[in-house]
Amino acid sequence: MNTPDDSSIRVAPVDAALRPALLGLSVLPAQRDWVRVIEDLLADVALCPGSEPMAILRGDTPVGYYRIEPNARSVAGHDFAVPALGLRAFFIDACWQGRGLGTQALAALIADVAKRHTQAHLLVLTVNCNNHAALHLYLRAGFTDSGELYHGGRSGPQHLLLRILP
């Protein structure tokens, strides 16, 4: 059986074993307007049927979190012409930022979604218009800016980004 080395990035569903370590994750103070605290993110999953909380792992150490929504409408506010999933709450822990892990995590995330959700053709997310670092990260990972703004965010307007799934 192949086991990840200590530096490889992979993703895994959040389970009872991972949850305590995830509770230690946080973002930088300047990012708190865009990402809620992990306790709230995990609690919110229970309110969203079909939502998939996912851990970003470096080896076996949680370094980030995100959530896949079964319907992109919950992220974008409308349906799409093709089957689409939503990506919500993606972040890398403050202690692990600046090491290229976000790029690696998005690659692992996209591969995982394409493998587990073969019916989906599109991954949709929103990113705050003032979150320039995240916008650049998503664009480098193959997302495109739809040109549409989503105005339902708690911290102001957001770019609507789309990524065709392999």
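The values are calculated or read from the model by the stated rules, or taken from the named source; none is laboratory data. Remember, it's a predicted structure, so these values are computed and weren't measured experimentally. Protein only, heavy atoms only, side chains kept; ligands, DNA and RNA dropped before computing areas. Shrake-Rupley method; radii C 1.70, N 1.55, O 1.52, S 1.80 Å.
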Name the shape class, rounded, prolate or oblate, that the alpha-carbon gyration tensor gives for the chain, where a ≥ b ≥ c are the square roots of its eigenvalues, rounded holds for a/c under 1.5, and otherwise prolate holds if a/b is larger than b/c and oblate otherwise.
-> rounded
Under the classification rounded if a/c is under 1.5, otherwise prolate if a/b is larger than b/c and oblate if not, where does region 84-166 fall, given a ≥ b ≥ c as square roots of the Cα gyration tensor eigenvalues?
-> oblate
Can you give the accessible area per residue of the chain, in Å², using a 1.4 Å probe?
-> 51 Å²
How many angstrom lie between the C-alpha centres of region 120-164 and region 21-58?
-> 18 Å
Keeping the other protein chains in place, figure out the carbon and sulfur percent of the accessible area of region 75-118, with a 1.4 Å probe.
-> 57 percent
Estimated 222 nm signal from helices in the chain, with DSSP H stretches of n ≥ 4 weighted -39500 (n - 2.57), rounded to 500 = -6500 deg cm²/dmol
In the chain, which whole DSSP H runs stretch at least 15 Å along their own axis (Cα) and average 0.5 or higher on the Kyte-Doolittle scale?
-> 101-116
